[in-house]
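What follows is one structure encoded as structure tokens, with my remarks underneath.
The values are calculated or read from the model by the stated rules, or taken from the named source; none is laboratory data. Computed from a predicted structure; not experimentally measured. A quick note on method: Cβ atoms are made from the backbone with ideal geometry, for glycine too, and the neighbour counts reach across all protein chains shown. The accessibility values were calculated without ligands, DNA or RNA, using every heavy atom of the protein model including side chains. Shrake-Rupley method; radii C 1.70, N 1.55, O 1.52, S 1.80 Å.
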Amino acid sequence: MGRLPLFITSLASLLAVACSGAQADDGRLRDGTIAYVMTDLFWSVYQTADGSRECPRGFNDGPREQFEQLFPAHELLTVEETQLRQEIETWHPTTEPDGFEFLEVEGELSWGLNLDGEVGPSDFTHPDGAPGIDNEVYRAVGCIIGFRGPDGVEFIFQNKAILDRVYNRMMIELTGVDDLENDDSVTLTWYRGMDRLLTDATGQRVMPGGTQRVDRRWGESLIRRTRGKIVDSVFTSDPVDELVIPWMNLNVPSIHLFRDARLQLDLTSDGATGLLAGYADVDTWYYQLIRNDSTHHLSNGQISGISLYKALRRLADAHPDPETGENTAISTALDIKMTQVYIARQAPLPQ
């Protein structure tokens with residue numbers, strides 16, 4: 001009996017801490033502003049367990065498999081006639097056929113958004129039944145094992161790089177927010193941060209409540225602003241004409257360029273999850289891949305850069321070149337996760 005008051009006192013203290021934590025969570029929206037930092041980003045790939053629905057004919061061959069078919073007697077040939085020939089074509093690709101069948105996604109379902117507001121015969125259907133989904137990057141990479149989770153080499157390393165590298169530290173700030181559940185007019189600003197993420201003891205789980213400074217020296221050109229709205233805790237942004245996302249993987253700095261980029265995010269006071277969708281510039285998309293990974297790493301995911309480039313160009317569906325009329329961008333969607341942060345305001349750099 002003598003210990004009961006102490007127990008009650010301790011319990012009351014714990015409840016007080018819990019309540020103060022809840023109040024802190026509710027207070028993450030400050031002066032109509034809340035910010036989130038990117039922790040996960042990768043191409044949206046709808047996949048079944050064995051791939052039979054979306055890839056009924058199997059998966060694409062990679063550089064090693066293609067090399068064996070192209071040069072069955074490669075021991076009798078020179079390096080220039082074999083390996084260097086393939087490397088040159090990888091780095092200077094063309095749209096000419098390479099003699100290999102490329103297996104595109106054949107299923108009707110895909111994650112993504114209706115980017116053009118139309119429903120066409122080549123569009124996908126969202127798993128929730130929504131028609132008109134534009135995601136031609138998925139059609140190109142969905143039957144390449146390196147892009148499929150959870151074990152694909154690109155899925156593992158490109159997504160991990162978003163978490164690990166400060167170079168990739170993109171974040172968004174929502175201002176003019178009256179309510180995280182419903183608000184018909186919100187301003188969205190994209191920034192690049194400068195700091196490491198606040199994590200738990202494992203170093204892998206990002207905690208809300210961290211702080212990020214805005215990179216106004218090297219990241220000024222990355223700042224973008226647009227409008228959006230929140231309906232039932234889902235934020236949808238208006239398109240951004242050109243969104244540049246830094247993307248360093250395996251210590252090689254690069255970028256992705258998205259045209260007409262927009263966000264669709266489920267919001268909470270601790271984080272946001274959803275989609276980044278738009279039209280990826282084909283050449284930027286391709287050179288980010290091969291600059292970061294090289295043929296050695298691509299081989300581990302059975303990714304033939306030569307064959308993939310031809311598919312990307314063939315499937316490109318937006319922003320035609322004014323001189324040639326060929327489309328230069330390809331519809332895509334990326335799975336994105338973000339964690340709440342506070343943006344530290346800094347004095348502007350001297351002119």
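Please specify each residue of segment 204-227 satisfying the condition of being under 17 Å from Asn168 (Cα atoms) and either among the acidic types (Asp, Glu) or open to solvent by less than 50 Å² (accessible area, probe 1.4 Å) (or both).
Val206, Gly210, Gln212, Val214, Asp215, Gly219, Glu220, Leu222, Ile223
Out of (1) crowded, with 16+ Cβ neighbours inside 10 Å; (2) at pLDDT 95 or above; (3) of a type in the set (Val, Ile, Thr), what's the single condition that is false for Val234?
The one condition Val234 does not meet is (1).
Looking only at segment 52-70, which residues are buried (at least 21 other Cβ atoms within 10 Å of the Cβ) and either part of a loop (DSSP other than H, G, I, E, B) or among the small types (Gly, Ala, Ser) (or both)? Outline the logic, then answer.
Filtering segment 52-70 down to residues buried (at least 21 other Cβ atoms within 10 Å of the Cβ) leaves 54-55, 60, 62-63.
Listed by number, the residues that qualify are Glu54, Cys55, Asn60, Gly62.
Quick one: is Phe42 closer than 25 Å to Glu104 by Cα, within 27 Å of the chain's Cα centre (by Cα), outside any loop (DSSP other than H, G, I, E, B) and modelled with pLDDT of 95 or more?
Details: closer than 25 Å to Glu104 by Cα: yes; within 27 Å of the chain's Cα centre (by Cα): yes; outside any loop (DSSP other than H, G, I, E, B): yes; modelled with pLDDT of 95 or more: yes.
In short, yes.
Among (1) open to solvent by 50 Å² or more (accessible area, probe 1.4 Å); (2) under 21 Å from Gly305 (Cβ atoms); (3) in a loop (DSSP other than H, G, I, E, B), where does Phe157 come up short?
If we test Phe157 against (1) open to solvent by 50 Å² or more (accessible area, probe 1.4 Å); (2) under 21 Å from Gly305 (Cβ atoms); (3) in a loop (DSSP other than H, G, I, E, B), just (3) comes out false.
Got at least one residue in segment 116-124 being under 30 Å from Ile343 (Cα atoms), surrounded by 18 or more Cβ atoms within 10 Å (Cβ to Cβ) and either touching an Asp or Glu at 6+ places or on another chain (Cβ under 9 Å) or aromatic (Phe, Trp, Tyr) (or both)?
If we filter segment 116-124 for residues that are under 30 Å from Ile343 (Cα atoms), which is where we start, we get none.
Among the residues of segment 116-124, not one is under 30 Å from Ile343 (Cα atoms), surrounded by 18 or more Cβ atoms within 10 Å (Cβ to Cβ) and either touching an Asp or Glu at 6+ places or on another chain (Cβ under 9 Å) or aromatic (Phe, Trp, Tyr) (or both), which makes the answer no.
Looking at the structure I just gave you, is Ala49 open to solvent by 70 Å² or more (accessible area, probe 1.4 Å), over 23 Å from Glu326 (Cβ atoms) and part of a loop (DSSP other than H, G, I, E, B)? I'd like the intermediate steps shown before the answer.
Details: open to solvent by 70 Å² or more (accessible area, probe 1.4 Å): yes; over 23 Å from Glu326 (Cβ atoms): yes; part of a loop (DSSP other than H, G, I, E, B): yes.
In short, yes.
Which residue pairs have Cβ atoms closer than 6 Å, lie 6 or more positions apart in sequence or on different chains, and pair a first residue in segment 293-316 that is charged (D, E, K, R) with a second residue that is open to solvent by 10 Å² or more (accessible area, probe 1.4 Å) and in a loop (DSSP other than H, G, I, E, B)?
Matching pairs, first to second residue: Lys310/Thr95; Arg313/Thr95.
If Ile162 meets every condition in (1) under 22 Å from the mean Cα position of the chain (by Cα); (2) β-branched (Val, Ile, Thr); (3) more than 30 Å from Tyr342 (Cβ to Cβ); (4) assigned to a helix (DSSP H, G or I) apart from one, which number is that one?
With respect to (1) under 22 Å from the mean Cα position of the chain (by Cα); (2) β-branched (Val, Ile, Thr); (3) more than 30 Å from Tyr342 (Cβ to Cβ); (4) assigned to a helix (DSSP H, G or I), Ile162 is out only on (3).
Exactly one condition in (1) out of contact with any helix residue (DSSP H, G or I) (no Cβ under 6 Å at 6 or more places or on another chain); (2) open to solvent by less than 10 Å² (accessible area, probe 1.4 Å); (3) of a type in the set (Val, Ile, Thr); (4) at pLDDT below 95 is false for Ile162; which is it?
(1)
Could you list, in sequence order, all residues of segment 176-190 that are under 23 Å from the mean Cα position of the chain (by Cα) and open to solvent by 10 Å² or more (accessible area, probe 1.4 Å)?
Thr187
Open to solvent by less than 20 Å² (accessible area, probe 1.4 Å), at pLDDT 95 or above and out of contact with any Leu (no Cβ under 8 Å at 6 or more places or on another chain) - does that describe any residue in segment 71-79? Give the derivation first.
The initial filter retains those residues of segment 71-79 that are open to solvent by less than 20 Å² (accessible area, probe 1.4 Å), namely 71.
This time we only want the ones that are at pLDDT 95 or above, so: 71.
Now restrict to residues that are out of contact with any Leu (no Cβ under 8 Å at 6 or more places or on another chain): none.
Checking segment 71-79: not a single residue is open to solvent by less than 20 Å² (accessible area, probe 1.4 Å), at pLDDT 95 or above and out of contact with any Leu (no Cβ under 8 Å at 6 or more places or on another chain).
Starting from residues that are over 23 Å from Asn292 (Cβ atoms) and touching a His at 6+ places or on another chain (Cβ under 9 Å), keep the ones in segment 80-110 and report whichever is surrounded by the most Cβ atoms within 10 Å (Cβ to Cβ).
If we take residues in segment 80-110 being over 23 Å from Asn292 (Cβ atoms) and touching a His at 6+ places or on another chain (Cβ under 9 Å), then Ser110 is surrounded by the most Cβ atoms within 10 Å (Cβ to Cβ).
Does segment 13-28 include one or more residues that are assigned to a strand (DSSP E or B), surrounded by 10 or more Cβ atoms within 10 Å (Cβ to Cβ) and either modelled with pLDDT of 70 or more or of a type in the set (S, T, N, Q) (or both)? Steps first, please.
At the first step, the residues of segment 13-28 found to be assigned to a strand (DSSP E or B) are none.
No, there is no match, as no residue in segment 13-28 is assigned to a strand (DSSP E or B), surrounded by 10 or more Cβ atoms within 10 Å (Cβ to Cβ) and either modelled with pLDDT of 70 or more or of a type in the set (S, T, N, Q) (or both).
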